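A.B. asks: Let me begin by handing over the structure; questions about it come next.
The values are calculated or read from the model by the stated rules, or taken from the named source; none is laboratory data. The structure presented is a predicted model; accordingly, all values stated were derived computationally and were not measured. Using ideal geometry, Cβ is built from the backbone for each residue, glycine included, and neighbour counts are taken over all protein chains shown.
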Amino acid sequence: MSAINLPGIWAIYRAEMARTRRTVLQSVATPVLTTVLYFIVFGTAIGSRMHQVGGVNYGAFIVPGLIMLALLTQGISNASIGIYFPKFTRTIFEVLSAPISGIEVVVAYVGAAATKAVMIGLIILVTATFFVPVRIMHPGWMLAFLVLTALTFSLFGFLIGIWANSFEQLAIVPSLIVTPLTFLGGAFYSIDMLPQPWRTVSLFNPVVYLVSGFRWSFYGVGDVSLAVSLIFVLGFMALCLAVLSWMFRTGYRLKP
């Protein structure tokens with residue numbers, strides 16, 4: 001069994017993190033500004049009419065949903081552009097011919113994307129404390145869901161980056177699928193507030209399980225059980241790993 005190429009992993013990871021520093025306004029300032037706008041619109045306009053949800057102040061109630069929205073979009077976008085751009089510039093062949101395995105390539109790119117997503121999530125959490133009283137009842141579970149979700153959707157983004165053949169395809173899944181599912185997945189409301197059959201229909205939305213588990217770690221309340229949320233995250237991660245393993249094994253859209 002060959003040794004892990006730590007210098008190779010570190011080189012790719014460092015290059016991806018350096019890209020974030022060069023685009024700090026887009027990478028950091030934009031999500032923070034978006035969060036502030038959400039608090040102004042949802043926290044003030046809607047919060048003035050709906051004071052509590054599940055015994056939690058509405059402004060504080062939406063904090064886990066805002067963080068989850070940022071985790072999903074940032075994880076997917078950073079990982080997908082990270083692997084797609086080398087494909088676009090034809091420098092992917094240098095990565096594939098280097099003495100570094102497919103697993104190590106995934107660890108480097110996905111690790112960098114997940115790091116960025118977690119950083120954005122924590123920045124949004126800190127920003128939220130200036131607007132609403134945020135409490136975290138289970139900080140260990142909060143960090144676990146934060147990291148697991150960032151890793152899982154960075155893997156998903158990496159998969160999209162390999163699959164995409166154009167910048168248009170790169171944007172299809174995040175903009176037309178992930179973002180709508182997040183808004184309809186209980187990020188800004190509890191699905192218990194929905195009448196039937198919409199409450200049952202919402203249970204087919206995978207984002208419900210992510211938001212519910214993450215919100216439980218804050219306030220001890222959720223739309224589904226913690227175990228179900230955790231099983232979903234781990235199951236989706238395993239599925240992404242299986243698909244990525246097949247892509248590298250077959251060279252799908254990586255090799256001519």
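A.B. asks: Out of the range 118-168, which residues are among the hydroxyl-bearing types (Ser, Thr, Tyr), under 19 Å from Phe218 (Cβ atoms) and touching a helix residue (DSSP H, G or I) at 6+ places or on another chain (Cβ under 6 Å)?
C.D. replies: So the first thing to find is which residues in the range 118-168 are among the hydroxyl-bearing types (Ser, Thr, Tyr), and the list is 127, 129, 149, 152, 154, 166.
Next, from what is left, pick out any that are under 19 Å from Phe218 (Cβ atoms): 127, 129, 149.
Answer for the range 118-168, where residues must be among the hydroxyl-bearing types (Ser, Thr, Tyr), under 19 Å from Phe218 (Cβ atoms) and touching a helix residue (DSSP H, G or I) at 6+ places or on another chain (Cβ under 6 Å): Thr127, Thr149.
A.B. asks: So Ala187 fits all but one of (1) out of contact with any Pro (no Cβ under 9 Å at 6 or more places or on another chain); (2) among the hydrophobic types (A, V, I, L, M, F, W, C); (3) modelled with pLDDT under 90; what number is the exception?
C.D. replies: Answer for Ala187: the failing condition is (1).
A.B. asks: Could you please tell me which pairs satisfy a Cβ distance under 7 Å, a separation of 6+ or placement on different chains, a first residue in the range 58-87 that is on the phi > 0 side of the Ramachandran plot, and a second residue that is acidic (Asp, Glu) and in a helix (DSSP H, G or I)?
C.D. replies: none
A.B. asks: Just checking, does the range 94-106 include any residue being among the small types (Gly, Ala, Ser) and without any contact (Cβ under 8 Å) to a residue 60 or more places away in the chain?
C.D. replies: Yes.
A.B. asks: Can you run down the residue pairs with Cβ atoms below 9 Å, 6 or more apart or on separate chains, where the first is in the range 25-54 and surrounded by 15 or more Cβ atoms within 10 Å (Cβ to Cβ) and among the polar types (S, T, N, Q) and the partner is at pLDDT 75 or above and not in a helix (DSSP H, G or I)?
C.D. replies: Once the first residue is surrounded by 15 or more Cβ atoms within 10 Å (Cβ to Cβ) and among the polar types (S, T, N, Q) and sits in the range 25-54, its partners that are at pLDDT 75 or above and not in a helix (DSSP H, G or I) give Thr35/Phe131.
A.B. asks: Also: Can you tell which of Asp192, Asp223 is closer than 24 Å to Val56 by Cα, in contact with an Asp or Glu (Cβ under 9 Å, 6 or more places away or on another chain), without any contact (Cβ under 8 Å) to a residue 40 or more places away in the chain and of a type in the set (D, E, K, R)?
C.D. replies: Being closer than 24 Å to Val56 by Cα, in contact with an Asp or Glu (Cβ under 9 Å, 6 or more places away or on another chain), without any contact (Cβ under 8 Å) to a residue 40 or more places away in the chain and of a type in the set (D, E, K, R) holds for just one of Asp192, Asp223, which is Asp223.
A.B. asks: From Arg215, Arg253, which residue is surrounded by fewer than 18 Cβ atoms within 10 Å (Cβ to Cβ) and either of a type outside the set (Gly, Ala, Ser) or at pLDDT 95 or above (or both)?
C.D. replies: Criteria check complete, one pass: Arg253.
A.B. asks: Taking Thr129 as meeting all but one of (1) among the β-branched types (Val, Ile, Thr); (2) free of Cβ contacts under 8 Å to residues at least 60 places away in the same chain; (3) farther than 30 Å from Met247 by Cβ; (4) in contact with a Ser or Thr (Cβ under 8 Å, 6 or more places away or on another chain), write down the number of the exception.
C.D. replies: (4)
A.B. asks: Could you check the range 163-225 for helices (runs of 4 or more DSSP H) lying wholly inside it with 3 or more residues that are more than 28 Å from Ile81 (Cα to Cα)? Don't jump to the end; show me each part of the working.
C.D. replies: Details: elements: 167-173, 179-183, 198-202, 206-219.
The qualifying helices (runs of 4 or more DSSP H) are 198-202, 206-219.
A.B. asks: If Leu151 satisfies all but one of (1) part of a helix (DSSP H, G or I); (2) over 16 Å from the mean Cα position of the chain (by Cα), what's the number of the condition it fails?
C.D. replies: Just one mismatch for Leu151, condition (2).
A.B. asks: Ok, one more. Among the helices (runs of 4 or more DSSP H) confined wholly to the range 54-132, which include 1 or more residues that are over 30 Å from Ile40 (Cβ atoms) and among the charged types (D, E, K, R)?
C.D. replies: Numbers: elements: 58-61, 63-89, 92-97, 102-128.
Output list reads 63-89, 92-97, 102-128.
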